[in-house]
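Heads up: the structure comes next, in structure tokens.
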Amino acid sequence: MSAPGWYPDPSDPSRQRYFDGKAWTENYAPFGAPTPGIRQPAKPGKQQWNWKWIAGVGAAAVVLIAIASGGTDSDKKATVAESNTAATLSSPRSTTTAKLSKPAGPVVAPAGSSVRDGKFEFQVLGMERSASKTLIFSQEQAKGEFLTVKLRVTNIGDEARTYWADNQKLVVNGNTYEPSSTISDDSWRQEINPGLSIDTDVTFDIPPSAVPEQIVLHDSAFSGGAHLAL
């Protein structure tokens, strides 16, 4: 006896008993009565695949029925939303990795604040405009308009350091302007000892009535520079 099926129960000849091919089970039935079917367990992998396939086909069928029935827009939207939810449940979840964006351009400190570059700390004390500058022996006329930026420069290092006015740059409408080299006085080049400060001017020749955006302040000609809004 090897084939699964219903056979006379060896322990009770008045009834039938189900043999699963290997051993007697606990399923009994009287002779002459319909024998109940024995449900065999399905394989988990196949059953799960069938469920996903059925869910996807059912979602598509719901959308087609809703469109053909000519329901209201709200009903159609609700039906499509439900079908999308079913499709999402039946499909593997995807993940998206966000890319970090780099800041565009240098960081510009707000106007009125102090900035540092190298061993110098800079602070803008004010600005003034003029059509000409009076020098020691002459008067210099601007090609456009002179903009003089008043600076306070502090040596935050531990040794003496030289400040050069011609290392500073002005930005107007995205264009970079060099200091006016013809306007020189005692503050053009100064030695600053550690912990001390100087108040000095740096003058630029710019288009008349142009509005400066920022000044780029340098410890030396080779430093990165600190950007300060004006």
query: What is the number of the single condition among (1) surrounded by 14 or more Cβ atoms within 10 Å (Cβ to Cβ); (2) in contact with a helix residue (DSSP H, G or I) (Cβ under 9 Å, 6 or more places away or on another chain); (3) farther than 21 Å from V115 by Cβ that T203 does not meet?
result: (3)
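Conditions tested, residue by residue: (1) of a type in the set (S, T, Y); (2) at pLDDT below 55; (3) surrounded by 12 or more Cβ atoms within 10 Å (Cβ to Cβ).
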{"position": "L89", "(1), (2), (3)": "no, yes, yes"}
{"position": "S94", "(1), (2), (3)": "yes, yes, no"}
{"position": "A98", "(1), (2), (3)": "no, yes, no"}
{"position": "V115", "(1), (2), (3)": "no, no, yes"}
{"position": "F122", "(1), (2), (3)": "no, no, yes"}
{"position": "Q139", "(1), (2), (3)": "no, no, no"}
{"position": "K143", "(1), (2), (3)": "no, no, no"}
{"position": "R161", "(1), (2), (3)": "no, no, yes"}
message: Criterion first (in contact with a Ser or Thr (Cβ under 9 Å, 6 or more places away or on another chain) and more than 12 Å from F122 (Cα to Cα)) does D158 satisfy it?
response: no
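The values are calculated or read from the model by the stated rules, or taken from the named source; none is laboratory data. As the structure is a computational prediction, the values presented were derived from the model and not from experiment. Because the Cβ atoms are built from the backbone with ideal geometry, glycine has one as well, and the counts that use them run over all protein chains shown.
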